[in-house]
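Enquirer: Structure in structure tokens, see below.
The values are calculated or read from the model by the stated rules, or taken from the named source; none is laboratory data. Bear in mind that the values here come from a model prediction, so they are computed numbers and not experimental data. All Cβ positions, even for glycine, are placed from backbone atoms using ideal geometry, and neighbour counts span all protein chains on display.
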Amino acid sequence: MCIHSCIESGISIYILNGAGKIAVITPFSKEAPKIIPTLQSAPSNLTFGGPDGKTVFVTQGGGGGFNDPAYNEAHFWHIPISRGDTTKIPLWADCAWVDGWPQETDPPPPDWRNVGQSGVPNMQRFCVPRHNFSINICYVDGHVQAVVLDDLWQQEWHRNWQGKAMKLSRP
């Protein structure tokens, strides 16, 4: 989803964007997010660890693709979000893989046997045929809703997303 995140003690959400910044958000708070720069030029993930579980570890990504700082700057959401409707920006979603970076050009799954596997277009990682062909998505504003798989291409996955109508075949 172009964002990696962790929850700290159920209080704050730490969001890592590909531009090398961590935003610390307290859901339903009116305060602006705290922004923490990282030392990585193309960070790929974050997690908590250390003796007390409060140290944030940030991993460095490989080259190309979503590890390209120029691409990330143009596409990833910036915190605080200055444009865009936070009720429509996915933060987490049911997925058959550890992460995903959907693109408008990602095709629907050709069949339902290999959904979510490594190497398939990223949107297919979210096209999991459960919950009556819908998945649960948590949005940046904190609400969660079931979204029919056909409507995944209508979500605002990145800043320049151009949604389109999609009709998936059912088995």
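Enquirer: Go through the range 124-146 and give me each residue that's surrounded by 20 or more Cβ atoms within 10 Å (Cβ to Cβ) and either assigned to a loop (DSSP other than H, G, I, E, B) or without any contact (Cβ under 8 Å) to a residue 24 or more places away in the chain (or both).
Expert: Scanning the range 124-146 gives GLN124, PHE126, CYS127, VAL128, VAL140.
Enquirer: Looking at the range 3-29, which of its residues are surrounded by 16 or more Cβ atoms within 10 Å (Cβ to Cβ), in a loop (DSSP other than H, G, I, E, B) and modelled with pLDDT of 70 or more?
Expert: To start, the set of residues in the range 3-29 that are surrounded by 16 or more Cβ atoms within 10 Å (Cβ to Cβ) comprises 3-6, 12-25.
Okay, now just the ones that are also in a loop (DSSP other than H, G, I, E, B), so 3, 18-20.
If the condition is that a residue be surrounded by 16 or more Cβ atoms within 10 Å (Cβ to Cβ), in a loop (DSSP other than H, G, I, E, B) and modelled with pLDDT of 70 or more, then GLY20 is the only one that fits.
Residues checked against (1) modelled with pLDDT under 80; (2) in contact with an Asp or Glu (Cβ under 9 Å, 6 or more places away or on another chain):
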{"position": "THR59", "(1), (2)": "yes, no"}
{"position": "LYS88", "(1), (2)": "no, yes"}
{"position": "TRP101", "(1), (2)": "no, no"}
{"position": "PRO110", "(1), (2)": "no, no"}
